1. In a GNM of the chain with a 10 Å cut-off on Cα contacts, which of 54, 29, 168 has the highest mean-square fluctuation?
2. Pairs of lysines 8 or more apart, or on different chains, with alpha carbons under 23 Å: count those in the chain, would you?
3. Measuring from centroid to centroid over Cα atoms, what is the spacing of the range 153-192 and the range 1-63 in Å?
4. Per DSSP H run of n ≥ 4, the term is -39500 (n - 2.57); total these for the chain, divide by its residue number, and report the mean residue ellipticity at 222 nm rounded to 500 deg cm²/dmol.
5. Would you kindly find the accessible area of residue 210, with a 1.4 Å probe and non-protein molecules such as ligands, DNA and RNA excluded, rounding to the nearest 10 Å²?
6. Over the range 120-228, with the other protein chains present, what is the accessible area per residue in square angstrom, probe 1.4 angstrom?
7. In what order, largest first, do 131, 82, 101 sit by accessible area if the probe radius is 1.4 Å?
8. How much of the accessible area of the range 58-177, probe 1.4 Å, is carbon plus sulfur, in whole percent?
Amino acid sequence: MSSNRQQAWFVTGTDTGVGKTMVSSMLVRQFAARGLRSVGMKPVASGCERRDGRLISEDVTQLLAASNVDLPLSDINPYAFEPAIAPHIAAKQAGVRIDLEPIAAAFRRLQAQANVVIVEGAGGFYVPLDEQHDMADLAAKLGLPVILVVGMRLGCINHALLTAEAIRQRGLTLAGWVANQVDPGMAMLEDNLQTLKQRMPSIYLGFIPWQDQASTAEDTDIVSVLWK
């Protein structure tokens, strides 16, 4: 892989808790393992804890651990909120308005220092950021191709296809999708996976099994499919 090439992706999910952080961290680590300066960005995070006078979430901690570029936390996570609630509600409680332009400026600074930037959204594609804007607006503002993490459980086909359609309607490119088994007892898992492979309008990047995801996830080489 050429160390001169630059690229960035926006990672979204079919819902909250479907493995966006795991997949984002995997991407950051896999790009770093290929000799590229790789960093993860979480523009908006809720459910943060105060450490050394700063609010930081577990998601951001994982992205920092995966990155091989030491860049300011204020750029990696411009908006951090303590309550584990929807970002627009957390921001309102904190008396803060989530502004897309500072996020875009922070992204540009990260991109100037790295070959690869993986931007992880919060919740699903349409999670609100304020009264007018949502995560879809942020992805459009950054103009990035989108990677969709599909939480493999009952209802995932509908959620995945609706999200893919929403991404297309925003004029964005769906670069690929990852199937993450979030329900260990999901019925007809393989049948659902095959249906998604047939119907999803983008590249299938890989499957992450349920059991011991922290270790088995790394066996799913997403980068070799994504970066061609």
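1. 54
2. Here the count comes out as 8.
3. Taking the Cα centre of the range 1-63 as reference, the centre of the range 153-192 is 20 Å away.
4. Roughly -11000 deg cm²/dmol at 222 nm, from the helical runs in the chain.
5. 110
6. 46
7. Numbers: 131 135, 82 105, 101 75 Å².
In descending accessible area the options line up as 131, 82, 101.
8. Numbers: 2700 of 5170 Å².
Carbon and sulfur together cover 52 percent of it.
The values are calculated or read from the model by the stated rules, or taken from the named source; none is laboratory data. Because the structure is predicted, anything quoted here is derived from the model rather than measured. Glycine gets a Cβ as well: all are built from the backbone with ideal geometry, and neighbour counts include every protein chain shown. Surface areas here come from the heavy atoms of the whole protein model, side chains and all, with no ligands, DNA or RNA. Shrake-Rupley method; radii C 1.70, N 1.55, O 1.52, S 1.80 Å.
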